[in-house]
Amino acid sequence: MTEWWHYPLLIVVGFVVGFINTIAGGASLISLPTLIFLGLPPAVANGTNRVAIAVQTAMATAGFKSKGVSNFPFNLYLGFAALLGAIIGAQIAVDIKGETFNRILAIIMIVVVCLIVFKPRIKIEDLPERLTGKYRWLSMLAFFFIGIYGGFINAGIGFVIILFLHYVNRMGLVKVNATKVSVVFIYTMAALAVFILNDKVNWKVGFILAAGNGLGAWFSSRVSVKKGDGFIKTFLVIMVIAMAIKLWFF
């Protein structure tokens, strides 16, 4: 962070990342390389990115709530389970490098996009949501493991969350995104605490990036409510393909 243009670059990158993450996911694959390019060590870049994610998801949650979209208290159950996993994942991220993970993540994303494209179409609006009983416990178990990955690196986790909530819990995509951002906010706070305790956060850079993330997330949350499920699905498929190509070839 020695040149003046680094600061506006961070804000612009943050806005783009906040917008993409709120509607789809995977945009940490933009912000993390940017932070490393600007001179942060990988572990510090990972921790610093959590500051922006925390602000981004808080703003997105507020944006959805301002439009009357919420999934309380189901999001709290999932958030608590993911929080426990995130503590484990963040500690792994502090201790272990993950250079080989990009290609694994690329394969996962290809699987996700195949599920999106080839999954038999169901009319979610004609089916009851499954948020209680065995589906609540199943979701909490799944989100514990989602939290481990989220605490470790977080990149691309939005795709997994969207698919799970949409097809297992039968939630519409707008409500899925509202739930996703609130859950990610909860477990990100736990992961961030681990990075802070291990001195892996650059606060100045984090808050500048967070300013862009927050603006992008607020705008994105309100646009997604207005445009509806069709817009989100199209955007999601495009982003999954783009991120998978980037991870595999670059």
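The values are calculated or read from the model by the stated rules, or taken from the named source; none is laboratory data. These numbers were taken from a predicted model, which means no experiment stands behind them. FYI the Cβ positions are ideal-geometry reconstructions off the backbone, even for glycines, and counts take in every protein chain you see. For accessibility, only protein heavy atoms count, side chains too; no ligands or nucleic acids. Shrake-Rupley method; radii C 1.70, N 1.55, O 1.52, S 1.80 Å.
Things to note:
- Extension gain (nm, one decimal) between A62 and F145, 0.36 nm per residue minus Cα-Cα: 27.3 nm
- For region 152-218, convex hull volume per residue from C-alpha positions, Å³: 92 Å³
- Volume of the Cα convex hull of region 46-92, divided per residue and given in Å³: 58 Å³
- Between Y7 and F231, the FRET efficiency from the beta-carbon distance, with R0 = 45 Å, is close to 0.90.
- Between region 126-150 and region 80-95, the alpha-carbon center distance in angstrom: 18 Å
- Estimated D of region 1-102 in µm² per second, where Rh is the Kirkwood radius over Cα pairs and Stokes-Einstein applies at 20 °C, 1.002 mPa s: 139 µm²/s
- If R0 is 41 Å, the Cβ-Cβ spacing of Y135 and D95 corresponds to a FRET efficiency of close to 0.75.
- In the structure shown, the pairs K67/K134; K65/K180; K65/K233; K65/K134; K175/K233; K175/K227 are assessed against 18 Å; a Cα-Cα span above that value is assigned to K67/K134; K65/K233; K65/K134.
- Of the residues V174, V181, ranked by 1.4 Å probe accessible area with the largest first, the sequence reads V174, V181.
- Separation of the V16 and I245 label points, Cα + 7 Å toward Cβ, nm: 1.5 nm
- A simple spin-label model places pseudo-atoms 7 Å from Cα toward Cβ; at L84 and V223 they are separated by 3.8 nm.
- Residues M171, M59, M140, ordered by accessible area of protein heavy atoms at a 1.4 angstrom probe radius and largest first, appear as M59, M140, M171.
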